[in-house]
Amino acid sequence: MPFFHYRTLDELTEEVQRLGVEEHIRFADTVQELLRPVRVDGRELWNAFGYHPMEGCDGTPNGRPSALTWRRYERFAAGGGALLWFEATAVLPEGRANPRQLCLTEKTAKDFEALLQRVRQVHKEVFGEERILCGIQLTHSGRYCFEHPVIAYHDPALDKKRGIPSDYPVIGDDELDALQDAFVSAALLAWKIGFDFVDIKQCHRYLLNELLAAKTRKGKYGGSLENRTRFAREVILRLREETRGELLIASRLNAYDGPAFDERGKPMEYPKPFLYGFGCDEREPLQMDLTEPILWAREMAELGVRLINVTMGNPYANPHIGRPFDKPPIDGYEPPEHPLVGVARHFAVTAALKQTVGEKALVVGTGYSFLRQFLPLAGEANKRAGKVDIVAVGRGAIAYPDYVRDLLEKGTLQVNKVCLAVSFCTTLMRTKAHPLGQAPTGCVPRDPIYAKLYQRLGLK
C-alpha cells in the first residue's frame with residue numbers, strides 16, 4: 001500500500017495524530033488568507049500561492065529556454081499562483097548540473113527576456129491584469145557540475161557518492177572571489193531584462209549551500225559562520241549597492257542539510273563530530289540544530305533580502321528529506337520514515353525561520369506537494385498561525401500547474417490532477433537513456449508528453 005491512501009481529510013488527520021506530528025501539520029476548514037493579496041517591498045501579489053524553482057532539464061545545449069521550457073512557464077502563468085520563481089539558472093556555462101540546464105549570459109539574455117514577457121502576457125490575458133512577481137534562481141552547481149565538479153571542501157560521504165578522490169583540488173579563495181563577479185553580473189542582467197527579483201541560491205548542496213557547511217575549510221570562506229556566509233553576504237551587498245536597493249533580492253535556503261544516505265536508505269558513516277552539514281547537530285546529524293540557519297536568516301533579512309524560500313536536504317544524497325515521496329526515483333531508496341514526518345519537518349523549520357525574520361522578509365514554505373488535494377488547507381492553517389507567508393509547490397506544480405486557478409474557480413483541488421509523489425519526474429532527470437545525455441522532465445502520470453517520453457526511453 002502506498003503511504004498516501006487517505007480518501008478524506010479525517011483519515012489524513014488521524015494519520016497525522018498517530019505519527020505524533022499534529023503540532024506541525026494542521027488543516028483549516030476553508031482557504032481564505034492565502035487568497036488575499038500579499039505585499040513584498042512595495043509590490044502586490046494577488047494571492048499567497050506560488051511556484052518553486054523546479055528545473056525542467058529541457059534547455060538548449062547553449063543554455064537557452066526550449067519550446068518545452070516555454071510551455072511549462074506559459075502553463076504556470078495561466079495557473080493562478082502569484083509568485084513565479086524561475087528555475088535554477090547557471091551563472092556560468094561550466095556551472096551547470098546537466099547539459100540542458102539554463103544559463104543566463106549576454107548571449108542568452110534576449111531569450112529569457114522574451115520568455116518573461118510572454119509569461120506576463122499570458123497571465124494578463126487569463127486574469128485581466130498583472131499582479132504576479134517573477135524572479136529567477138541563480139546558481140553554480142558546485143560538486144554536481146556535470147563536466148568538472150567544483151568542491152568547497154572534502155565531504156567523505158558525498159565525495160564517495162560522486163567518485164571524487166581525496167586529492168581532488170578544492171576551489172580557491174581567489175576563484176570564489178571571481179565567481180562572485182559572475183553572480184553579480186548575472187543578477188544585474190536579470191534585473192536589466194525585467195525580472196522582479198533574483199534568488200541567490202543556497203540550497204540542495206550546490207556550491208553556495210556547500211559553503212554554508214564549510215566548517216573544515218581554511219581561509220576566508222571557511223571555518224566560522226561569518227566566513228561561511230561571506231560569499232552570499234558580499235554578493236547581496238554588492239547587488240544592493242549597484243542597484244541602489246531597487247532590485248528585490250531573494251534566497252532559497254537550506255535550513256537543514258542532513259547526512260548522506262546509501263542505496264539501502266541508511267545514513268552513511270561520517271567522522272565524529274559531524275562537521276559536514278548546515279543546520280545539523282554535530283553530535284547526531286539526523287537531528288537538526290537550527291542555531292546557525294536562524295542567525296543567517298536573521299542577518300539576510302537585515303541585509304535586505306525580502307524573500308526567503310525555506311527548504312532542506314540533498315536530492316542526490318538524501319532526497320526523502322527535501323521532497324517526501326511515496327515511491328523513490330530510479331537511483332533512490334525506499335523512504336526510511338513516513339513522508340508525513342518529512343512534511344512536518346519542513347513546516348517546523350519554516351515556522352522557526354518565519355518567527356526569526358518577522359516582518360522584515362516574507363517566508364515561502366516548502367513540503368506541500370505530498371499532501372495532494374489537501375495542501376491548501378494545510379497552507380491556510382500555517383498562514384493563519386503566522387508560520388508562513390507564501391505557500392508554493394514544486395513537483396505539485398509540474399503535475400498540476402493550474403492548481404490555484406482550480407482553487408479559485410472550483411473551491412478545491414481536483415483529485416485526478418494532483419502530484420502522486422511517485423518520483424517519475426526525477427527518474428526522467430536521472431536516466432542515461434536519452435540520446436542527448438539528459439532527458440527533459442515532467443509529470444508522467446498527468447502529462448501525455450512525458451508519459452510518451454517515459455515509455456520511449458524504456459523506463460519502468
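Any read-out appearing in this document is the output of simple, stated calculations on the displayed coordinates, not a laboratory observation. These figures come from a predicted structure and were not determined experimentally. Virtual Cβ from ideal backbone geometry, glycine too; neighbours counted across all protein chains shown.
What to note about this one:
- Taking every DSSP bridge with both residues inside the chain, close to 15 percent are antiparallel.
- Kirkwood-based shape ratio for the chain, expressed as Rg/Rh from alpha carbons: 0.93
- Taking 7 Å steps out from each Cα toward its Cβ at residue 451 and residue 10 produces label points 3.3 nm apart.
- Dipole magnitude of the range 146-265 about its Cα centre (Cβ charges: Lys, Arg +1; Asp, Glu -1), debye to nearest 20: 320
- Net charge dipole size for the chain [Lys, Arg +1 and Asp, Glu -1 on Cβ; Debye, nearest 20]: 860
- Arranged from fewest to most other beta-carbon atoms within 10 Å of their beta carbon, 312, 54 become 54, 312.
- Calculated FRET efficiency for the pair residue 275/residue 174, C-beta based, R₀ 35 Å, to 0.05: 0.90
- Axial C-alpha extent at least 24 Å, average Kyte-Doolittle at least -0.5 - helices from the chain (DSSP): 109-127, 173-192, 339-357
- Pairs beyond 23 Å (Cα-Cα), from 161/266; 220/354; 107/432; 327/383: 220/354; 107/432; 327/383
- Value in Å of the Kirkwood radius, where the range 384-428 supplies the Cα pairs that are averaged: 12.0
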